[in-house]
Each structure stands twice: as structure tokens, then as C-alpha cells.
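The values are calculated or read from the model by the stated rules, or taken from the named source; none is laboratory data. Predicted model only: the values in this text are computed from it and were never measured. Cβ placement follows ideal geometry from the backbone for every residue including glycine, while neighbour counts extend to all protein chains displayed. Please note that ligands, DNA and RNA were not included when accessible areas were found on the heavy atoms of the full protein model with its side chains. Shrake-Rupley method; radii C 1.70, N 1.55, O 1.52, S 1.80 Å.
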Amino acid sequence: MASAYHSIDLARFALSPGEGRRLDLQARPGPLQLGGQRYEVAGGSVPARLDLSRTAAGYAVRMRFTAQVSGPCMRCLEAAEVAVEIDAREVDQRGTEDEELRSPYIDYDELDLSSWAHDALALALPIQLVCRVECRGLCAVCGAPLNDAGPAEHRHDREPDPRWAKLRELKLE
């Protein structure tokens, strides 16, 4: 396995405007913290494809990779794993004040690959990482996992609402 890159010196490619280069490399997105839980990328690094193009005033960059993200299920806290497809693009045009044409990941000719991969992965994650699509989560009363228990097996007798207590004392004749 090739060593993973944290940053890339774009100037070393000596690209002229209109030229491009495709790189296959290892990127390290790093761990993610979501809802107080830690999610990891399997193996720590992922094979990524980086398409680099030189523009008249800067760079246009595209990064693609697939990451296996694992951590606790957001419903039942069991182990969950999901494959996340990333296809991210950045443009950096020096000399402009337009924020849309400036990339926070390119500082002069240095591309911060790890930060970009981390942020792109965080944006591409599903809203809920679950162990399975039909995950039923935890019981709201006792906290027991509901995935293995049938509805008839896991029940709690409900206490009557105390706000209705006075109505139970009412005698209708």
C-alpha cells in the first residue's frame, strides 16, 4: 500500500494553463465525531483519484473515493458500517475576492488533501448511520434493543396520565 498523503505541492507538477494530471493515491480522511460518537474509516486511508487541472489563474481539482465508515448505529448503538461515495470538486483562482472562486483547501500551491477528504466525507454521510435499514432502535422506557424482540415480547404497562386523575373521580349517574 502506498503511503497516504496529507498535503500535495501542486507546483511540483509544473502544469501550464489548460494542462491536467490524474493521480491515484491514498488519502486519510481521519475520524469523524457525530452526535458525540466516533466514526472511523476502515484502514485509516482510502485509495483516491485526484484530477488536477491548471487554469489561467489557479487550479480546478476533483477528488473521488469510496470509504467504508464504521461506528455505532444512531438508533440502537450496535456496530454499523456504510460505504460512502465521494465526488468532490474545488476551484481556486488567486487574485479574486469572490469566495466562490477560492478554496479553503488550497493555500497558494499547497493542497490540504486530508482536510478536504475529511470534510467531503462528512458532507457525503447519510443523515443517519444505521446497522440496518429496518433498525428499530432502543426502547424509550427501559433502553433495551428492539431489533431482536418482537412487539408482543417487549411491552410496558403504561401508567395513567396523572393529569386525568380528577376525571377518574367523577361519578356519572
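Listing for the model above:
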quantity	calculated
Conditions (1) modelled with pLDDT of 85 or more; (2) part of a loop (DSSP other than H, G, I, E, B); (3) of a type outside the set (Asp, Glu); (4) within 30 Å of residue 51 (Cβ to Cβ); number of the one not met by residue 120	(2)
Which listed residue, of 85, 97, 159, 153, is within 30 Å of residue 54 (Cβ to Cβ), assigned to a loop (DSSP other than H, G, I, E, B) and of a type in the set (Asp, Glu)	97
Residue in segment 46-64 that is open to solvent by 30 Å² or more (accessible area, probe 1.4 Å), under 15 Å from the mean Cα position of the chain (by Cα) and within 30 Å of residue 140 (Cα to Cα) present	no
Among the residues listed as 85, 78, 90, the single one being acidic (Asp, Glu), open to solvent by 30 Å² or more (accessible area, probe 1.4 Å) and more than 30 Å from residue 18 (Cα to Cα)	78
Counted residues, segment 93-110 - those being out of contact with any strand residue (DSSP E or B) (no Cβ under 9 Å at 6 or more places or on another chain) and either open to solvent by less than 80 Å² (accessible area, probe 1.4 Å) or aliphatic (A, V, I, L, M) (or both)	1
Evaluation of residue 90 against (1) in a loop (DSSP other than H, G, I, E, B); (2) touching a Ser or Thr at 6+ places or on another chain (Cβ under 6 Å) (one fails), failing number	(1)
Qualifying position, being within 13 Å of residue 74 (Cα to Cα) and either of a type outside the set (D, E, K, R) or open to solvent by less than 30 Å² (accessible area, probe 1.4 Å) (or both), among 123, 146, 138, 113	138
Members of segment 16-40 found to be in contact with a helix residue (DSSP H, G or I) (Cβ under 7 Å, 6 or more places away or on another chain) and either open to solvent by less than 60 Å² (accessible area, probe 1.4 Å) or of a type in the set (Asp, Glu) (or both), listed by number	27, 29, 30, 32
Any hit, segment 154-172, residues being open to solvent by 40 Å² or more (accessible area, probe 1.4 Å), farther than 30 Å from residue 12 by Cα, touching a residue at least 60 places away in the same chain (Cβ under 8 Å) and of a type in the set (Lys, Arg)	no
Verdict on residue 25 being within 16 Å of residue 66 (Cβ to Cβ) and over 18 Å from the mean Cα position of the chain (by Cα)	yes
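Conditions tested, residue by residue: (1) within 13 Å of the chain's Cα centre (by Cα); (2) under 17 Å from residue 38 (Cβ atoms).
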| position | (1), (2) |
| --- | --- |
| 81 | yes, yes |
| 85 | yes, no |
| 93 | no, no |
| 96 | no, no |
| 100 | no, no |
